[in-house]
Structure formats: C-alpha cells, structure tokens
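To keep things clear, I will list the structure first and then write my remarks on it.
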Amino acid sequence: MTHRHVRHLIVGAGAMGISAAYQLARRGEPSLLLEQFAIGHDRGSSHGEARITRHSYSDLAYASLMPQAFREWRELEALGGQGLYLRTGGVSLGPPGEPYVGKVVKSLEAIDCPHRLMTGREWNAASPGFGVPDDYEAVFEPDAGILLAARALAMQVHLATQPGPAPTEIWPDCQVLGLDVESDRPTVVTRSHRITADRLILAAGPWIGRLIPELASRHRIERQQILYLDPPGTESYRPGHFPVFIFKGSDDRPAYYGMPDISGLGVKVARHGGDEMDPDSDDRSIPEAYVKEIRDFLATCLPGLVDAPLVRSEICRYTVAANEDFLVDFLPGREDVIVASPCSGHGFKFSPLIGRVLAELAISGQSEVRTDNWRFAPATA
C-alpha cells in the first residue's frame, strides 16, 4: 500500500465536494478529491440537469444567505464563460390560513427582494398554466429560476483541474475503506493508498454516517422520486411562461415542487422528501401510488398536466437533518476535519457558497460567511 500526504483531502465529489475543490483552487490551494463512483454519477443528490434556485425561503436564516449564493453563481459563470442560471421567476403557493406563504413574504421583505403577493385568482390570470383555487395565497419572486446543475458541476471540475500552481487531483471509482480521525493527522485508507492530510473535508452525502458512525443517528436518508411529464403542445409550460413553483400546505402535509420544460425534458414535478432508504440501494422504480399522488396534487394546482404522459423519472437520495438544516462544521474535537453533510435536500443552490465556506475553514479555520445554524448541535440523550 502506497502512502500519500496531501494538504487538502476531500471525500465525495457531489456538489459540495466539487465546489470545495473549485474554491480551494481559486485560492491557490491544491486538493485531492476522492469519489467512490464515476464523476457525475446518479447515485447521490447532485445529479440531474437542473435545480430550482430562489430567495423565497420561509426560514429567514436561509433567505438571508441567498444573495451571497446568487453572487457566487454569477462569479462562477464569469470565470467559466458560460451561463448557468435561467431566470424563470418562481411562485410559492399555499392554501388560506396556512403560514407558509406569509413566512416567505416576511423573508423577502427582510432581505429587500422584489416580490408580489396575490390571491389564487390573480395568480391564475398572471400564469395561465396554473389553476389553483381562487382563495389560495401566492407570492411571486421574479428573480427565482433554474440552475443548470450538470453543467455547473462540469464547469467547476474543469476550472479546478486546470494546470497551474494548485490543480485539483481527482480519483474517481475510489472507495474509502477506512477513516481514522483519532490519529495526529486525519487518515483515509483506499484499496491502494493510505492518505494523510493537513485538512480533511467529508462531503460524502448519504454515506456520511458510514464514515462517521455517530452522525448516522442525526439524519435520515430519504428516497426522492422525480417525475417528468410531457406537457400539452403549448408554450404555457416553457421558460418565459411557466415559473418554478413550490406548494406547501399544513406542516403535517407534503410539499410539492416543479419547474418548466427545458430542452424538451418535460415538466419536472416531485414531492419534497420521501421514505427512508439504504443509500446503497439502486432501486429506480416509481410506485404507481406515487404517480397517482402527484397527479392528485396537479389536479388541485396544475390541471392541464393531470393527464400529461410520464416520459421519465429519477431517484435522488436526500440526507436530511432535524428541521432540514445543513451541517457544515468542524468535527467536534478536531480542527482538521470538516463535515459538509447533510444538506437536507435543498443545498444545491447554496453549493458554491458552501464550497467557499469549506475552503475558508480549511485554509484559516474560519469563514466570513455567517453559518451559525449549520454547526454541530449537542448530541441528545
């Protein structure tokens, strides 16, 4: 077995690991990035063509960080010389008397983000693809839209691995067989190498509990099921006419979300979250009961899509913590091991900002970004 020592070692080449490597490279810091599957694989949480981005959070702590996240995306676009963001506008919907839409409005007001609060009737008139009940509440944010996810990750890989003083080295198909965080330096063991590092970043997504067993009880792995529907032959469901959307009823009811048909992929619709799963499971099937649930939701808000053919589906793995918070912090007792998971199914839009936080923590031990609610909470008895 070969021994290797590196300055920065990153485990996991999903959105957070790739962004950390990119941000380290920008700062002249070399890193080694390990991934157990191929780069761009579809076994985790970061694959797929597109993700929603928005300022419209009901939680002000996350809404307050979105202007910084948007700026990080613009800087990435500038460095890469390609657009990654498609501005479609976004709507947050809910039935009357439920707090979700009102909380979103308060967050948007607090960060001075343009928006408009409407009734369901007003929203239907503004966006003909919808057919929500007249007494629903809707808040429209014109700056919401779509991130071209696969392109964004490929761009960061390209930028991070460019020849120079601090290129990123990437080892795909490299499974971590052992992790030692008790030694003087964090140590990772693969089939062929024993790697020590000055700083170790763990961005293993659904597999973080396998690496740090005490984390397994702090989160759950949820099976996220995504449907793509072939819309009727109309422009009503394409960018420029159809926004990204999020629907939330009462706290004990599911939330749903979706986005317009881009590049003929179909209208994306899904329930947020799902049943607990083993991260190693590769079951891609979608139960008929779930398809029916989505069509029942569409009957309430988007009746024109109720009978739209299902053209394809995807499975993602959400790694979800209590209150759907993130965890981006030093492992307790170690100033050289940083954990960057879970991101609770809504982290992609923050990924270049999280990458910046990880790079700053690895280099100096602190970040300029205020992420108090992303820290380790004391273990419960």
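Electrostatic bookkeeping for residue 150 treats Lys and Arg as +1 and Asp and Glu as -1; over the other residues with beta carbon under 13 Å from its beta carbon, the sum is -1.
Residue ranking by accessible heavy-atom surface, 1.4 Å probe, largest first, among 211, 310 comes out as 310, 211. Ordering 351, 300, 254 by Cα displacement along the dipole of the chain toward the positive end leaves 351 in first place; charges were set at the Cβ atoms of Lys, Arg (+1) and Asp, Glu (-1). Split the accessible area of region 39-92 by element, probe 1.4 Å, and carbon with sulfur accounts for 48%.
Carbon-plus-sulfur accessible fraction, region 298-373 (probe radius 1.4 Å, protein heavy atoms only): 47%. In this Cβ point-charge picture (+1 for Lys and Arg, -1 for Asp and Glu), the chain has a dipole of about 700 debye about its Cα centre. Averaged per residue, the chain has 42 square angstrom of accessible surface, using a 1.4 angstrom probe with ligands and nucleic acids left out. Here region 135-240 has 49 percent of its accessible surface on carbon and sulfur atoms, given a 1.4 Å probe and all protein chains in place. If you count Lys pairs in the chain whose Cα atoms are under 22 Å apart, skipping same-chain pairs closer than 8 places in sequence, the total is 9.
Roughly what % of DSSP beta bridges within the chain run antiparallel, to the nearest 5? Just about 65 percent of them are antiparallel.
Long hydrophobic helices in the chain: the complete DSSP H runs spanning 18 Å or more by Cα along their own axis with mean Kyte-Doolittle hydropathy of at least 1.0 are 351-364. Full extension of the segment from residue 109 to residue 376, taken as 0.36 nm per residue of separation minus the current Cα-Cα distance, would add 93.2 nm.
When 196, 119 are compared by accessible area of protein heavy atoms, the largest-first order is 119, 196, using a 1.4 Å probe. Taken over region 265-381, the percentage of Cα pairs per 5 Å bin, counting from 0 up to the bin with the maximum distance, is 2, 9, 16, 16, 14, 13, 10, 9, 7, 4, 1. Within 10 Å, at most 11 other Cβ atoms, and a DSSP state outside H, G, I, E, B define an exposed site. Report the longest part of the chain free of exposed GluC sites (Glu not before Pro). Here the longest segment lacking exposed loop sites spans 1-181.
Set against the labelled values (i) 22, 28, 16, 21, 13, 1; (ii) 29, 57, 14, 0; (iii) 25, 56, 15, 5, 0, P(r) over Cα pairs in 20 Å bins from 0, in percent computed from this structure falls on (ii). If one computes the Cα centroid of region 123-202 and of region 31-68, what distance in Å separates the two points? About 5 Å separates the Cα centre of region 123-202 from the one of region 31-68. Accessible surface for residue 363 stands near 60 Å², nearest 10, in the context of the full protein assembly shown (1.4 Å probe).
With all protein chains in place and ligands, DNA and RNA left out, the 1.4 Å accessible area ranks 6, 157 as 157, 6, largest first.
The values are calculated or read from the model by the stated rules, or taken from the named source; none is laboratory data. Keep in mind that this is a model prediction, so the values were computed, not measured. Backbone-built Cβ (ideal geometry, glycine too); neighbour counts: all protein chains shown. Ligands, DNA and RNA are stripped out before the accessible areas are found, and what is left, the full protein with its side chains, is counted by its heavy atoms. Shrake-Rupley method; radii C 1.70, N 1.55, O 1.52, S 1.80 Å.
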